[in-house]
Structures are given as C-alpha cells and as structure tokens.
Amino acid sequence: MAQTLSANLAGHIPTSIANEIIADITRGSAVMGLSKLVPMTTTTKTVPVLAGGVGAYWIGEGQAYQTSAAQWIYPKLEAKKLGIIVPVSKEALNDSTFDVFAAYREMIASQFAATLDKAALFGTDSPFGVGASIYEKAIAAENEFTIGSVAGQEIGGDVADLMALIEADGHDVNAFATTKRFKSVMRKMKDDAGNAVFADKSKEAPAELYGQPLAFADAGFDITKSSMIAGDFEYSLVGVLQDIEYEVSREATVGGVSCFENDLVALKASMRVGFLVVKDNAFANLKPATV
C-alpha cells in the first residue's frame, strides 16, 4: 500500500521501507559496507574489544592449565543524528497512489551514505569529534605512504608498501576504500609475477584489490588528501538505530525556496548513526603524489 502523508505530520518511516533504506546506505557507503556493524537500541553503546592478553600454552603431563589475563578495552559508540530535507509537491504527497517513501528512498539513502563517508573517512563536517576519522587516525599513527616516493617503483609496489605499514603493527589489511577516479591506475597494477591485482565489480562479485574487498566512496572521498585508504576494518565500528524518523512541514524553506510560496511541502528524514575507530594503527593512507 502506498504511504501517503498529510502536512505537519511526524512519525517513523515504516519498518520495511526503513530497512530498505538502511540496506541501500550499507551498499552505497564505503565505511558502512566495510566496517563492523554494531546493532544499537539506544543512542550510546559500550562495545567490549579484545586488545590482547589471551595465549595458549604447552602443558606437561599432570600439569595444571595456565591462565592468561585478557586485555579488554571498552570504547563507547555514540549515535549522532543524520538528516535530510526533501521538497515534495503537495499533489504528490496527497496522491493515494503515490508511495512517498519508496519514491525518495534512493535519494535519502545516497545522501546519507555520502555524508557518513565524508565524516568517517576524513572528518568532514563530522559530529564524532576532531581526530576521530579513519584518515586522521592513520596520520596520527604515522601510517602514510606517498605515491612515487620510491624511485622507479610501480603503483602496485606503492600499495604493497602501504599494506606493509599496517602489517608492521600486527594487523592484516582486509579492505580498501578509494574513488572511481583511481580505477584507471588500478587497472595497470601488477604483482611481481605480472598478474593483475585489481578486479572490478561485476554481477557475480564485488571489486577486489590484492584479493581483498574494495569499496568506492566517490561522493565522500577527499582526493586532495588520499588516493586510497587501506585497513583492518574490523576495528572500524558503525552502529545504527533501525528506526528512521520523518516530519512533514509546509512552512519550511529548503535551499532558499519557500515551501509555502511555491505550493510545496518539506519531507525531513533523520536517522541515528554511530562511528568509532578502536585501533589507530589498523589503517593507512596512500597520499597522492606531490606536484
């Protein structure tokens, strides 16, 4: 059944549509698609993370088992409100055959995805605090490699050296985030045996680089700071509250346009998303070549 609304109404987007929007955001957001997703039922959640201390031991015949002290950290994931306002004609809003949420689902999801990527990857307009983004964490850990900094080395070697920064800290690279502008470069990348290391997305499989998932964050990627980010995304946490709220108003001004004067209404949608990097040295930045 179509979801029709009347002016000055507020509530929650139907669960089925909300779940579809969240699924669309997960597919469209590099950070949300690669990170560890943490279900949230309240705006804050403490997430236990095992930081070390657990070990196995050789046990002689008749000897007692040794115990090891697990080292846990307890970072707090805090969901922040993410919102969008969409102008909608009153005729469409009141048309009993027009499904408002389904019609604007793609727009809402794509804008939410881009805004989340900007904040989580580079700290752009971030509500999560200064220094909290993946890029900022990598820089703080001094995990950065500049393209072309090794004379005569191909770009594939530069990416391998980028991965080595993370591996030196005891982590494995399990994913990459970049922009489609970097595709032409990746298509030329080879390993030492001359084999291609980049596989573009197809109907059968997602994009991969060196056998690991590769996500494109075009609308949320800052090409002035990075050509690619590599990391162990198990240490990037994204929390989502499943409900998406909405409000409808005929008095709002959207982008300098008065809804009242132009016979429009404003559909405002908001959701709450948390983001947290729990290990700084689990990420590394591939810096563009200096000119």
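No lab work stands behind these numbers, since they all come straight from the coordinates. These figures come from a predicted structure and were not determined experimentally. Virtual Cβ from ideal backbone geometry, glycine too; neighbours counted across all protein chains shown.
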Roughly speaking, what is the stretch gain from A10 to T43, that is 0.36 nm per residue apart minus the C-alpha to C-alpha distance, in nm to one decimal?
9.9 nm
So if each residue of separation counts as 0.36 nm, and I subtract the Cα-Cα distance between A193 and I85, what length gain in nm does that give?
33.7 nm
Run the numbers for N19 and D200: contour at 0.36 nm per residue of separation, minus the present Cα-Cα distance, in nm.
62.4 nm
As a Kirkwood estimate from alpha-carbon pairs, the range 137-291 has a hydrodynamic radius in angstrom of 18.1
Please list, ordered by chain and number, the residues whose modelled amide H lies under 5 Å from the amide H of N174; skip anything fewer than 5 residues away on the same chain.
G231, D232, F233
Note on the range 10-287: C-alpha Rg/Rh, Kirkwood Rh, two decimals, gives 1.07
One finds, for K183 and A103 with R0 = 25 angstrom and r their Cβ-Cβ distance, a FRET efficiency to the nearest 0.05 of 0.20
So what is log10(I(q)/I(0)) for the range 138-200 at q = 0.22 1/Å, when the Debye sum runs over its Cα atoms only?
-1.08
